[in-house]
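Values in this text are rule-based calculations from the coordinates and carry no lab data. Owing to the predicted nature of the structure, the values given are computational and were not obtained by experimental measurement. Please note: Cβ atoms are built from the backbone with ideal geometry, for glycine as well, and neighbour counts cover all protein chains shown.
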Amino acid sequence: MSLHLWIIPLLPLAGAAINGLLGKRFPKALVNTIALGFTAAAFAMALWVAAQFAGLSPDQIPHIERYATWLSAGPFSAEYGIYLDQLSVIMMLVVTGVGFLIHVYSVGYMEHEGGYYRYFAYLNIFMFFMLTLVLANNYLLMFVGWEGVGLASYLLIGFWFLKKSTADAGKKAFITNRVGDFGFLIALFLLIKHFGTLQYDSLWPLVSKYPVESGAAGLLTAIGLLMLVGATGKSAQIPLYVWLPDAMEGPTPVSALIHAATMVTAGVYMVARSHLVFNRAPDAQMAVAVIGTLTAVFAASIGIVQTDIKKVLAYSTISQLGYMFMACGVLDYVGGIFHLMTHAFFKALLFLAAGSVIHGLGGEQDMRHMGGLRKYLPYTFWSMTIATFAIAGLPPFAGFFSKDRILWSTWSSGYHVLWLLGVVTAGMTSFYMFRLWFLTFFGKYRGPNPETAGHTGAIHDAQDAHAIGGGHGHGSPHESPFVMVIPLMILALLSFVGGWVGVPHSLAGSDRFGAFLSPVFNEASATPGTEASVAAESKPEAEDHGEELAFSCISVGLAALGFVLAWWLYYKRPEIPERMAKAADGLYTLILNKYKIDELYGAVIIQPLILLSTNVFWKGIDRGLIDGAVDGSAAGAQETSDAMRHMQSGNIRSYAGWVAVGAAAVIAFMVWRGVR
Amino acid sequence: MVPLSYYLVLSAILFACGVAGFLIKRNIITIFLSIELMLNGVNLSFVAFAAQLKSLDGHIFVFFVMVVAAAEAAVGLAIIIAVFRTRETLNVDRVNLLKL
């Protein structure tokens, strides 16, 4: 049975092609009809496929469709094909669903922007590459999607490319990702060298024959670590996370779609997809867990002091991605993907709501100039509230179930230090999110006075070159149009109920998400005929739920503590934070400057590279050697010609003389050699 | 019978005279005559070889050379007249418009 899955990625590609090639002449209504139409069609098709998928019997999963051979070189070949299992179904639904909502939102958000058709063409092409990434049936095709989403990300970060910082942010994202891609590519080369294939279905049986590399690190550890390098680039983990905060220069819906909900989770997806490799490489898996945890706590600490609303959310994204890696590292892939899904809902919502705030304020992003906005933007306020509670991990919102699952599996796998860091991060998450919430929506409005803001609105636009406004005058803060508010409401609903699919047994739930997804990570079913050597998912069912419940209470308690602290510091006594910042001036400045990691990279990596390039490659090799050779041969030719020029005197008799001398020379030569 | 070498030496002398005249003289008509002298020097060696080898080929060549020389004389003189009309000189050193 064929489900014609190839249609799903091609639908947004068609939208991108039409808008990208012809959209310049289209009216805006036509552009967004095309972009939304194709995305909606992809989502509808994804839903239909998911319904069909539910009807498949377990031995028909994974459902693989092969369309053509893409390339073959000797014994190696890669296909165009689609690999549909529970994991890719979830990813497909998240990408098309959240993607569609963000397309809808963009119609309102980008209304006053130039390059409208370009924006939607890029957004559609992102959807195409992301779907290629999650649906591919081999690593090479996945890599195409992997690079493609990087390209789309670059294009969309640099959407307002006339502003230098925006163009730089795009370049930074692209180049940082290249560093990670390098690791991923080497991992793929190793796979080709040792297994001769990148097709999932033929690779898994070969990989599963390998024993667990518990004593000495071996091939699979190397592959796992290199894949992790790739994942740190794409998913913004230490040490390659630096591009994501800068990526906030792009339009806010892009931040929501690419830099929160979907693209940055590609690394998590890749690690989960490669679970057979990581299961056999404890060192690599340990590295995943440690990097994830460190990133989570590190980014959360930066998020606490940021004042730009989008920057807070960016660091929060990095931190949440850290949780997902932490889950994958302790072999709770289900938890990682569960958090990926709930995070896609609430983080997309947070960004869209933040975008709605920015839109309502005419481009203002600094939280110090907000405050009291719940009166002006009621819908945004309520959806933001749900998202904030969800990310803070308060029950019964979505984030609680997924985050708690991760923390519990970290503890129960014996990584107690990582658990502690994770729980601290949970408290910090709650604190900085409620700080954002209080600063934005409570207290007094600290922006320009609404009554007299008619003329100061212009200053806002000037302050921020990519202000949303320009088209409409910005008096007092105002609620966004319905085309933006409706996606907020849908995402708010999802952030509220999205976690209920995975209510754990300890809370008398049935964990249907886990039951649905775990066959993917169950080794015996993934590789029929081989002994399942690793107990990845097998948590004993008859576990004592009391302990798990206690741990849930700890994390909820910390989240509540974060809430109270934020309430105390930013609502009740808003003068305290300033005094605290003054008291701990050095530390505060250090964190405000993001631990000066950008400066460190600049000094350690970028500056030496620039010096090397300038002095050796540019001035030495390029200008000295290559230009020298070219210029030298040109100058040589000129000198020679200059000397030879005098032979062309224009004097007939001298020409005749040369002819005579030449003839005489020829004759002399012939006489000397002896004429034959 | 006169030996072949005599003819060849005479031919070489005639040719050398032609070359020398061509190189030394500035008057275009003299140069033109020098060319004819060279041609006839060559013709002489052709007929000499033809007589020596008892072959008609050399004679045929000479006829061709004469025909070409006649044609060349016609064209050449026409050019000389045209040059004289425009430049009012026959000195080749002053006919140097193509010189850079």
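Data table
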quantity	calculated
Of all DSSP beta bridges in the protein assembly as shown, antiparallel share, percent nearest 5	100
Per-residue ³J(HN,Hα) for the range A:248-258, Karplus 6.51 cos²θ - 1.76 cosθ + 1.60, θ = phi - 60°, Hz, x for Gly and Pro	5, 5, x, x, 4, x, 5, 4, 5, 6, 8
Distance (nanometres) between label positions extended 7 Å along Cα→Cβ at A:A665 and A:L590	8.1
Exposure proxy order (Cβ contacts within 10 Å, fewest to most) of B:M1, A:M428, B:M38	B:M1, B:M38, A:M428
Per-pair calculated FRET efficiency, R0 = 35 Å: A:A54 and A:L507 via Cβ, rounded to 0.05	0.90
Max mean-square fluctuation residue, GNM over chain B, Cα-Cα springs under 10 Å, options B:E72, B:E36, B:E88	B:E88
Violating pairs (Cα-Cα greater than 24 angstrom) within the set A:K172/A:K193; A:K163/A:K582; A:K172/A:K594; A:K311/A:K347; A:K403/A:K444; A:K310/A:K594	A:K172/A:K193; A:K163/A:K582; A:K403/A:K444
Values of log10 I(q)/I(0), in the order q = 0.19 Å⁻¹, for chain B under a Debye, Cα-only, solvent-free model	-0.93
Other-chain or far-sequence residues with amide H under 5 Å of A:Y80's (modelled H)	A:Y67, A:A68, A:T69, A:W70
In Hz, Karplus ³J(HN,Hα) per residue of the range B:27-43 (6.51, -1.76, 1.60; θ = phi - 60°; x = Gly, Pro)	6, 5, 5, 4, 4, 4, 5, 4, 4, 4, 4, 4, 4, 6, x, 5, 4
A:H646 paired with A:Y601, simple spin-label distance in nm, labels 7 Å along Cα-to-beta-carbon	6.4
Ellipsoid semi-axes in whole angstrom, largest first, where each is sqrt(5λ) of the Cα gyration tensor of the range A:1-105	29, 20, 10
Pairwise centroid distance, computed over Cα atoms, of the range A:127-192 with the range A:608-662, Å	45
Under Karplus coefficients 6.51, -1.76 and 1.60, residue-wise ³J(HN,Hα) of the range B:54-61 in Hz, glycine/proline x	6, 10, 7, 3, x, 4, 4, 4
Calculated FRET value between B:A73 and B:L53, using beta carbons and R₀ = 30 Å, to 0.05	0.55
Backbone N within the range A:106-139 under 11 Å of label point (7 Å from A:R25 Cα along the Cβ vector)	none
Long-range HN-HN contacts of A:N138 with modeled amide H, under 5 Å	A:Y200
The protein assembly as shown: Rg to Rh, with Rh as the Kirkwood radius over Cα pairs	1.31
